[in-house]
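The values are calculated or read from the model by the stated rules, or taken from the named source; none is laboratory data. As the structure is a prediction and not an experimental result, all values here were calculated from the model. Positions of Cβ are backbone-derived with ideal geometry, glycine not excepted, and every protein chain shown enters the neighbour counts. Surface accessibility is based on the protein's heavy atoms, side chains included, excluding ligands, DNA and RNA. Shrake-Rupley method; radii C 1.70, N 1.55, O 1.52, S 1.80 Å.
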Amino acid sequence: MVRLFLLICCLGVVMKVQCQEQQTKVETLLELSKTHDVISLTAETFKKYVVDQSRQYIIVVFFSSYMYKSQCPGCQALEPIFNEIAYSYKALGHTKPKDQNENKAKPVFFAFLDYGQETQIIYQKFGFSNIPNIYVSTKSFTEETTSYSIDRSKLWEYRDGQEITSNKILDFINKKTERDVTIQKSLLQTILPISIVLTILILIFALVYFIKHNFTSPKLWWFGCTIIYITCMAGVVYDIIHSSSLIGTNPQTGEDEFIAQGPRSQYILEGFLMSFLISLGSLGLILLNSTANYKNSWLMRLIGIFSIALILYSIYQVSFAYKNKVSWYTPSFDPPSHYKKGGLIADQGNSF
Amino acid sequence: MDPKGKSLLSSWAPIFRIIILSLICTLSVLIRIFSVIPIKVIRFESIIHEFDPWFNFRTTKYLTEKGVYAFWDWFDSESWFPLGRAVGGTIYPGIMLTAGSIHSILNTLGFPIDIRNVCVFLAPGFAALTSLAGYFLTKEVTGRSEAGLYAALFIGIVPSYISRSVAGSYDNEGVAIFALVFTFYLYIKSVNTGSLLWSAAASLSFFYMVAAWGGYAFIINIIPIFVVVNVLIGKFTTNLYVSYCSFYILGSLLAMQIPFVGTQVVTSSEHLASHAVFIFLQIYVLGNWVKSQAGEDKFKIFIKIIIGMLVLLLIAASLYMTLSGKMKWSGRSLSLLDPTYAKRFIPIIASVSEHQPTTWASFFFDLHYLAVFAPAGLYYCLTESNPGKLFIAGYGVLAVYFACVMVRLLLVLAPAVCILSAIGLSETLYRFTRHIKNFRQWYTYKFNPEENTPKPKYGYPLELTIIVIGIIGAISVLYINHCVWVAAEAYSSPTVIMASKGYDGERKIIDDYREAYYWLRMNTAQDARIMSWWDYGYQITGFSNRTVLVDNNTWNNTHIATIGMIFASNEEVAAKNLRKLDAEYVLVIFGGVSYYSGDDINKFLWMVRIAAGVFPQIKEENYLNRGQYRIDSGMTETMKNSLMYRLSYYRFGEIMGHNRMMGYDVVRRAEIGDKNIKLRQFREVFTSEHWIVRIFKVLPEENRDGLKAKSGFSKKYSEMKDLGLVRSKLS
């Protein structure tokens, strides 16, 4: 009887200690998450907060690398999304402990594990062949020599070429944490678009105010308009949407390629160069016209010849580049000589 | 100089002008009918091209048959089955009414012309009108008719405009570009004269534009911007005030008369600028009056206080509205600020090829050397500015931005670039031809100096002058060459009929679409419902007169996503959904046999993307193997089971293709992964000659599926037993 009592006491003490331990863990995490939406973990803290027994919270771990971020498009895409989701959870009060026994009401923390020498072993035990990954850990798991006993269904692994959208990631995390969180934008993000617009407006007004005297100068206006013209003709929107590279590489030879094949693709440098060349012809024309009003002199004659050369160069270069780009572009008045010609029936619609 | 000779030449100038203009008009009509007229060139026949024109043609036919009132009230039950579409209230009726009235006028005059021919030749006719409008606009702006003639020539044959107005391309843009240029001409005229009559005419022309095309939003935004800029740079005149106010009031009221626009004039953000500028103008005029009453100094203080308060109020209000979530950025304005918006969130907009952003190559192909000389025109518009030239410059700069965001808006840019480069080139011609005129004078002065010879005004080397004029002539010839080639080769294909060239230049006509549509018309029930991807909806209703589930008027995203989901699901799910939708036939376009790359397999990823937006069970990555879209043995299981794959490649494994390989897809350049497809819920009923169109019938549900014999029987048995109707064996 006494033994039993002692046993119960001991158990009680152990439980109490465990409870306290839990409590302190939650509190420290809560404290940490107040300052950071995503808590950075080391190998030690990973073991303590994620792997080890006795905890009453859910922790979502983001596996990625700071160092190799530039070589990893998935990491770059996922990081802001993950931060956003972490912020949304915090903003909606999901980090606060309510009822620690049900999954639905457990506090949720977001953590980040950087890939490095010390944490390498953790990555290996998870069996990752690629980063980034997300694991939603609802309960602790045991550590074995080569692997963890984790619930594979709660693991999100990145596959090459996969598209990462914030909706997909949010769906995954929501499902695993059994909640229905929507993306909350931070105050800064809500104000950002309107403040950008306002700043631009204010800047424009300031600009107008400061260059009021030069504001009506037509040459300045022309300069601005031509810059807009060149930028638009370079296809900047195309570059942004298709995220083109500055120059490309030829798939066959592997050499640098300046002009992309086909009329529906281009590289950034190519676009700007061509658009600049296109506008160069206009510069030549304006120069040429300005010589026409002056008296005959050798200087004027030279400028005239130079500007004619400029126009011809611009036209020639642009047409040449276009012909190189688009192989079927062969404008001519006559059809090629080997085509069948003749009367209405024999002629296959090739003669003009 | 002999004053008499000069006046003789200038008295002949109007005649020359008229002759040249009529020649330009003829040219701009003739260049557009390569595809139709058997003068020396037979390409195809008098047929409506592409997709949207088929709908316009169908409604025009309805209009001529049933009359205007029936047309307004028309509820079309043949499209968007089972929803239907109220056609009268959801279209821009301008082009149909134009063609309808031309048809009825010609018939009254005793020319019994078919409505199809009116529709086919409407766009080339309007192109001639557009080049006239371009002439008048440029002449009004520059005051020089040679610039106008140049502009007329350029506009008449600019490739970008040809692409939308070849014979048979019976589309809104064909008439709308004329309305656009003509409205600008009338508006500039009203600004220059300050006459109410011209502004009324401008608003009437604007009314026609609203009736014709959704692009009218461009006019209703650019004119207010022009007015504001004029006020800001201190070029406010009473003429401007009169012209804008009357244009705004009349134009807005008239625009409301089109049912499709209606109250949008008040509610839509596209009209916001015009309202704001109207109010701003009134305040500005009021302020001017106060200034004249109160004196300069007091007014300055007053205005500073007012502006400061307004700015603070504006910032506070917009912050409040955004934070409280009352003001949201609409998708449209977001996609203008952030062009990637549509790609990420509205796949149905991003999937259309004419909504893609433009590359420099497209600019060059559609504008050719005009793009090179437009900035020169901009320079003269801004340096020697008058209201008209300023307007053209603003038009050019705004349009070039829009064109850069979307390929189809190159069409709006084209007239601006034509006018700008016409101004640039004609300025050069004007300056240099003076030297030829004065050459004799200069020659006499230099080599035979007599005492009384005045020193000539201009002295420019003759050889250089001739070179310059020669170069400009050569450039114009190259431009015309390009345009004719483009019109003949690139833009005259009717899409429904395709022509391919053999190695010896022999033409093969591929007429699969019409073959299939005719089959549908002849072999299916009158009220048969046909499911296809939305691209072919208008053509099926137009050619075959059958009901379709979705068509090119993409007003209901969910319905389109349902079709996408059906194509992306496996056969059983698809058949179940098809039966629910009451569809009888499925039509797929397949180009794997005949090098036709615009087929449904290539569009399939867009279908999946659109479906994924509505149906969460469809996931794009399930159709991709490691990020690659494949149809060969490396494809995913989901792809292999999808309805689109199974229908497209059904029995494809049996035919020998390229390199003697069985089932080799020449478009994807791969051997297909599943050569032994057996259909369970569908039956092939038609495949066209080159396999481009394939039609399948949805089989009725099998008996066993419906009854569930075993369980149903035992349940019934036990019920009967409970009721005591069946005796138990034991008893």
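Reported to the nearest whole Å, the Cα centre-to-centre distance from region A:240-254 to region B:611-641 is 26.
What you get for region A:30-177, charging only the Cβ of Lys and Arg (+1) and of Asp and Glu (-1), is a dipole of about 440 debye around the Cα centre. Which shape class, rounded, prolate or oblate, goes with region B:172-328 when its Cα gyration tensor gives a ≥ b ≥ c as root eigenvalues, a/c under 1.5 marks rounded, and past that a/b bigger than b/c marks prolate? Cα axes put region B:172-328 in the oblate bin.
Taking 20 Å as the straight-line reach from the Cα of A:LYS125, the aspartates and glutamates in range (excluding those fewer than 8 positions away in the same chain) are A:GLU44, A:ASP52, A:ASP114, A:GLU143, A:GLU144, A:ASP151, A:GLU157. For chain B, the longest principal axis of the Cα atoms and the long axis of helix B:387-405 meet at an angle of about 30 degrees. In plain terms, chain B is cut at each of the GluC sites (Glu not before Pro) found in a DSSP loop with at most 10 other Cβ atoms within 10 Å, and the longest leftover piece is B:1-449. Given axes a ≥ b ≥ c from the Cα gyration tensor, I'd like to know whether chain B is rounded (a/c under 1.5), prolate (a/b larger than b/c) or oblate. Prolate, since a/c reaches 1.5 and a/b exceeds b/c. Take the accessible area of A alone and of B alone, subtract that of the pair with a 1.4 Å probe, and the total buried over both chains is about 7400 Å². Selection among B:VAL266, B:ALA255, B:PRO224 by position relative to the dipole of region B:204-323 gives B:PRO224 as farthest towards the positive end (Cβ unit charges, Cα centre).
Considering only B:ILE306, B:ILE466, B:ASN56, and ranking their Cα positions along the charge dipole of chain B that arises from unit charges at the beta-carbon of Lys, Arg, Asp and Glu, the one farthest toward the positive end is B:ILE306.
Ranked from largest to smallest solvent-accessible area, with a 1.4 Å probe on the protein heavy atoms, A:PHE320, A:PHE223 come out as A:PHE223, A:PHE320. Against chain B, whose longest principal axis is taken from its Cα atoms, helix B:512-523 shows a tilt of about 50°.
Can you grab the distance from the C-alpha centre of region B:234-248 to the C-alpha centre of region B:156-205, Å, no decimals? Here the answer is 21 Å between Cα centres. Counting only protein heavy atoms and using a 1.4 Å probe, the accessible area of B:VAL412 comes to about 10 Å². Just so you know, the averaged projected area of the alpha carbon convex hull for region B:513-730 sits at 16.8 nm². Given a 1.4 Å probe and every protein chain left where it sits, what share in percent of the accessible area of region B:155-278 is carbon and sulfur? Its accessible area is 72 percent carbon and sulfur atoms. Counting protein heavy atoms only, region A:260-332 has 72 percent of its accessible area on carbon and sulfur, 1.4 angstrom probe. Unpaired Cys in chain B, meaning no second Cys C-beta under 4.7 Å: B:CYS25, B:CYS119, B:CYS245, B:CYS381, B:CYS418, B:CYS483. Its Cα centre serving as origin, region B:513-730 has a Cβ charge dipole (Lys and Arg +1, Asp and Glu -1) of approximately 860 debye. The count of lysine pairs in region B:172-328 whose Cα atoms are under 28 Å apart, excluding pairs fewer than 8 places apart on the same chain, comes to 7. Probing with 1.4 Å while keeping every protein chain in the model, the per residue accessible area of region B:158-276 equals 31 Å².
Carbon and sulfur together cover what percent of the accessible area of region B:513-730 at a 1.4 Å probe radius? Carbon and sulfur atoms account for 48 percent of the accessible area of region B:513-730.
Given the pairs A:LYS106/A:LYS154; A:LYS96/A:LYS139; A:LYS34/A:LYS185; A:LYS106/A:LYS139; B:LYS508/B:LYS603, which span a C-alpha to C-alpha distance of over 20 angstrom in this model? Distance filter (> 20 Å) returns B:LYS508/B:LYS603.
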